[in-house]
Amino acid sequence: MTTFTLPLPRALPRRTVVGLTALTAVVALWSSFALSTRALEGAGLTMIDAAIVRFAVPAIVLSPWIPRAFRALRAERPAVLALVLLAGLPHFLLFAWGAHLTSAALTGLLVPGTVPLFVAVLLFLCARRRVSPRRLLALAAIVAGVLTSALFTGGPAGPAGIAVLLAAGLVWAAYTLGVARARLDPITVIVVVSVTSVASALLLATTGVLPSTLLTGTADLSTVGTYALVQGVGTGLLSTACYVVAVKNLGSSLPAAAGALSPVLTAVVAVPLLGEPLGPGLGFALALITTGVAVFALSPASASAPDAGS
């Protein structure tokens, strides 16, 4: 009697498993930050105060690695290092400024939602790397979902605020490409970004370029502690490390695209947690984003070249 055996599914490469695990953590951490921003709104911290707390926590926690991290910079290319440093104070100030000019919900949608588009554009302009037709369709679905989400989110959204948020998305895309090409390990990236950013933030605060309640002693300590936990530990340490690991193992394009899932998770969790409604329009937009990310992940990067950093 002839027996038939079904072929067993091939196990994913270890790099892929590690990258996907890290990427899942990134989406969850970014979503948790967006959900926790309500507790921080109107808490008396200025933009530069938030930056100081955000980058001081990982700088202090990882202080034993500072000498080793800065020694590692000698082997890094200056242009790549400049791209990596964009993830620090430049992106943070653009993100916070855009949130101030528009709404927190729109900020959470526009920045991660536009990063994959900017990554694809930068790869084409810098490396002439063409995107496969299926990935172009996926990017179109993500962008359509982001635009639809913005339409149904409501709230103030002036042209200036949207322009600032788009600039924040472009900066994060440039950082993503820099990390994919960097020779630095995740801890070194966090240390260098955190130390340079907190030093720059303190300089802006002490010189009076930007106002600070921390330096005047009027900031609420409980708020500072909450922000240190959410931003310093959650975003500054965990999400940054996981994002670097994801880019190193999966390349630059997939992590950038999957970041668009964070507002989807935020909107879904906000229904039972915050009592926010999920209407048909927003649900359709989130379905577009989810479909776009899934198609992007399952499509070849291009017909002739692997993804950057893979």
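Every residue, every condition in (1) over 30 Å from THR16 (Cα atoms); (2) at pLDDT 80 or above; (3) of a type in the set (Lys, Arg), yes or no:
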residue: ALA205; (1), (2), (3): yes, yes, no
residue: ASP220; (1), (2), (3): yes, no, no
residue: TYR227; (1), (2), (3): yes, no, no
residue: VAL230; (1), (2), (3): no, no, no
residue: GLY236; (1), (2), (3): no, no, no
residue: SER239; (1), (2), (3): no, yes, no
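Where in segment 151-246 are there helices (runs of 4 or more DSSP H), lying wholly inside it, with at least 2 residues that are crowded, with 23+ Cβ neighbours inside 10 Å and touching a helix residue (DSSP H, G or I) at 6+ places or on another chain (Cβ under 6 Å)? It would help to see each step written out before you state the result.
Details: elements: 159-181, 186-206, 213-216, 221-227.
Fully inside segment 151-246 and qualifying: 159-181, 186-206.
Considering each residue of segment 1-35, count those that are at pLDDT 55 or above and surrounded by fewer than 16 Cβ atoms within 10 Å (Cβ to Cβ), and give that number.
10
Quick check, is ARG129 in contact with a Ser or Thr (Cβ under 7 Å, 6 or more places away or on another chain), of a type in the set (Lys, Arg), surrounded by fewer than 24 Cβ atoms within 10 Å (Cβ to Cβ) and in a helix (DSSP H, G or I)?
Values: in contact with a Ser or Thr (Cβ under 7 Å, 6 or more places away or on another chain): yes; of a type in the set (Lys, Arg): yes; surrounded by fewer than 24 Cβ atoms within 10 Å (Cβ to Cβ): yes; in a helix (DSSP H, G or I): no.
So ARG129 fails the test.
The values are calculated or read from the model by the stated rules, or taken from the named source; none is laboratory data. Remember, it's a predicted structure, so these values are computed and weren't measured experimentally. Cβ atoms come from the backbone with ideal geometry, glycine included; neighbour counts cover every protein chain shown.
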